[in-house]
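J.: Just dropping this structure here.
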Amino acid sequence: AASAQFQLAVPVAVVFAAGSVPRDLPRPLPFSDVQETEISVNSLRSSAVSRCQAVYRSATAREEAALDAAAAREADAALRLLQDTSLGSLTVYVVPETSSLLPQGISVYVGKHRSALVRAGGGLAALHARLQQLTQLMSFTSGSIAAALSDRVPDSQLGRDARRHLKSSLGYEITFSLLNPDPKSHAVDWDIEDAVNRYVQPILDKLSLVANFSVDSQILYYAVLGVTPRFDKETSSFLLSAHSLPHVINPVEARLGSSAASLYPVLNFLLYVPERSHSPLYIQDKDGTPVSTNAFHSPRWGGIMVYNVEAPASPQASLPLHVDVDMVRVMEVFLAQLRLLFGLSREELPPEFLLESPGNEGLADWELDRLLWAHTVENIATVSTTLTSLAQLLDKIGNIVIKDDVASEVYQAVASAQSAMAELATGHLHSAFQASKKAVTSSERAFFDPSLLHLLYFPDDQKFAIYIPLFLPMAVPILLSLAKIVREARQRKKEPTKMD
């Protein structure tokens, strides 16, 4: 169907440590509660409801022991072994108001797995408000769902970041490029293989559930940015202003050559070492202040970082200068841009919130869930749009023959999309995402089936335009012969009547 009613159920376990149970609980522990919230999508074709399925219970002895840890980080690691680790589920541990587990002034701690620690106080209403904040942070917001349905929602109703995120895909290609426009002055070396294995691969391993990734790298010589930087006398440096940045990408992209042959979206990360005549080169933001990272990113495309080379101490230094790139500094920037492109940037939070750093993995478990919620909804919406488009096209072509394997792919896509919707409604995120991926694969196989393609792109008026010139020369003598036969037949009929 063209319209979709999404029911997104988030299973939440609320665990009370000793001395943290609110006095105004409606009934004795344990008990269950469901809170429904309408998600405003502003679309006639889609609507969504968020259902927080909370189970309230007391902490077990082992959980109490874990909560006796000296620091929240240690408690988070110990509690991971005791909680539900299935994708999309959350566990909220309520600790006493006087607990020293949380730092001073912090009332909510979000770990790097699928749990949070909340300081008690304020009764059940305050706890409900905290739960809503946590589910929006760790699962999805109306904004992230609206962005996932962006093809169905008018641009004016989407947030500023909605178009920044990459669209859901079965695979992505990541290309790291080193641009050296002045190899006569700079001999640049970068250990990209070691940097990818050390910094990028852990994130990609975590994201392997979302999609397949391939990584490659290249060095491009004499590749210039296409925008001449402005010289600033005060600082004796060259500047690239924010309004000139969009013009930087096109000339460089012509040299990259990776996206032309790719089936999947390509993410480009470019390290640019400015030529000696334009060094040092700094990027300015809209206010005219230098950008601390000396880098910028382009939504759904990738990012560029400018890497300045220190001028030699003596002017007589032999050229080319040997440059070893500091890959730690470079990868910090590229990983931050990668997170932005996948919509994993940290949102502004109240001061009483503390978020644990994901560490070497580069991605917290709940951030992965956040990505899966959005991608599952987007996949189902994509399937709906693809099959609707296919049905409309087939309606326009009257003489089309649909093969059995195409029909079975359509049935498979519909069944998988319905299964994904049902799994979302019961809070089974992993199986919902897998079903949505299967639905996308089947719908695209049906839409791009070779037996349909030549009919979709070869309408009747083109057939007449091609075949009439071929048949007309043969048709003229045939038509003349037919006319002659008809005349002779008429004469034969008339002759017997004259003899009488």
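J.: Of all residues in region 388-412, count the ones that are touching a helix residue (DSSP H, G or I) at 6+ places or on another chain (Cβ under 9 Å), outside any loop (DSSP other than H, G, I, E, B) and either within 18 Å of Ala148 (Cβ to Cβ) or not hydrophobic (A, V, I, L, M, F, W, C) (or both).
T.: Of the residues in region 388-412, 6 are touching a helix residue (DSSP H, G or I) at 6+ places or on another chain (Cβ under 9 Å), outside any loop (DSSP other than H, G, I, E, B) and either within 18 Å of Ala148 (Cβ to Cβ) or not hydrophobic (A, V, I, L, M, F, W, C) (or both).
J.: Further question on the same structure: Identify, from the list Thr85, Thr91, Thr135, Thr98, the residue that is under 26 Å from the mean Cα position of the chain (by Cα) and modelled with pLDDT under 90. Show your work before the answer.
T.: On the way: Thr91 fails: modelled with pLDDT under 90; Thr135 fails: modelled with pLDDT under 90; Thr98 fails: under 26 Å from the mean Cα position of the chain (by Cα).
Matching residue, one of Thr85, Thr91, Thr135, Thr98: Thr85.
J.: Tell me, please, whether a residue that is of a type in the set (Asp, Glu) and touching a residue at least 24 places away in the same chain (Cβ under 8 Å) can be found in region 15-27.
T.: Yes - at least one qualifying residue is present in region 15-27.
J.: State all residues of region 412-436 that are out of contact with any Asp or Glu (no Cβ under 9 Å at 6 or more places or on another chain) and among the hydrophobic types (A, V, I, L, M, F, W, C); if no residue qualifies, say none.
T.: At the first step, the residues of region 412-436 found to be out of contact with any Asp or Glu (no Cβ under 9 Å at 6 or more places or on another chain) are 412, 414-428.
Within region 412-436, Val414, Ala415, Ala417, Ala420, Met421, Ala422, Leu424, Ala425 qualify.
J.: Which condition from (1) open to solvent by 60 Å² or more (accessible area, probe 1.4 Å); (2) at pLDDT 95 or above; (3) of a type in the set (Phe, Trp, Tyr) is the one that Tyr457 breaks?
T.: The single condition Tyr457 does not satisfy is (2).
J.: Name every residue in region 276-290 that is buried (at least 16 other Cβ atoms within 10 Å of the Cβ) and among the β-branched types (Val, Ile, Thr), in order of residue number.
T.: Ile283
J.: When you go through Gly19, Gly88 one by one, which is the residue that is open to solvent by 70 Å² or more (accessible area, probe 1.4 Å) and at positive phi?
T.: Values: Gly88 fails: open to solvent by 70 Å² or more (accessible area, probe 1.4 Å).
Answer to the selection: Gly19.
J.: Right, next: Given the structure, is Asp369 among the acidic types (Asp, Glu) and without any contact (Cβ under 8 Å) to a residue 40 or more places away in the chain?
T.: No; evaluated as a whole, the condition is false for this residue.
J.: Out of region 200-231, which residues are open to solvent by 60 Å² or more (accessible area, probe 1.4 Å), in a helix (DSSP H, G or I) and not polar (S, T, N, Q)?
T.: Asp205
J.: Next question, about the same structure. Every residue in region 309-328 that is surrounded by 13 or more Cβ atoms within 10 Å (Cβ to Cβ) and at pLDDT 90 or above, please.
T.: Val325, Met327
J.: Can I ask one more? Look at Ala295 and say whether it is closer than 30 Å to Val210 by Cα and open to solvent by less than 80 Å² (accessible area, probe 1.4 Å). Even if it seems obvious, please write down each step before you answer.
T.: Details: closer than 30 Å to Val210 by Cα: yes; open to solvent by less than 80 Å² (accessible area, probe 1.4 Å): yes.
Yes: the conditions hold for Ala295.
J.: Additional query: Evaluate region 432-454: report whether one residue or more is modelled with pLDDT under 80, hydrophobic (A, V, I, L, M, F, W, C) and open to solvent by less than 90 Å² (accessible area, probe 1.4 Å). Break it down into steps so the answer makes sense when it comes.
T.: Taking region 432-454 and keeping what is modelled with pLDDT under 80, we get 451-454.
With hydrophobic (A, V, I, L, M, F, W, C) added as a condition, the list becomes 452-453.
Checking the rest, the ones that are also open to solvent by less than 90 Å² (accessible area, probe 1.4 Å) come to 452-453.
Yes, that holds for at least one residue.
J.: Do any residues in region 336-353 that are of a type in the set (D, E, K, R) have Cβ atoms under 7 Å from those of residues that are in a loop (DSSP other than H, G, I, E, B) and surrounded by fewer than 17 Cβ atoms within 10 Å (Cβ to Cβ), where the two are at least six apart or on different chains, and which pairs are they?
T.: Arg339/Ser345; Glu352/Gly105; Glu352/Ile106
J.: Condition first: of a type in the set (Asp, Glu) and within 25 Å of Pro202 (Cβ to Cβ). Can you find one or more residues in region 215-236 that meet it? Step through it out loud before you land on a result.
T.: In the first step, residues of region 215-236 are kept if they are of a type in the set (Asp, Glu); the result is 216, 232, 234.
Narrowing the set further to residues that are within 25 Å of Pro202 (Cβ to Cβ) leaves 216.
Yes, region 215-236 contains a residue that is of a type in the set (Asp, Glu) and within 25 Å of Pro202 (Cβ to Cβ).
J.: Still on this structure: What are the residues in region 168-195 that are surrounded by 19 or more Cβ atoms within 10 Å (Cβ to Cβ) and closer than 19 Å to Asn360 by Cα, if any?
T.: Listed by number, the residues that qualify are Ile192, Ala195.
The values are calculated or read from the model by the stated rules, or taken from the named source; none is laboratory data. Just so you know, these numbers come straight off a predicted model, no measurement behind them. All Cβ positions, glycine included, derive from the backbone under ideal geometry; neighbour counts span all protein chains shown. The protein model used for the area step is the full one, side chains on, heavy atoms only, and it has no ligands, DNA or RNA in it. Shrake-Rupley method; radii C 1.70, N 1.55, O 1.52, S 1.80 Å.
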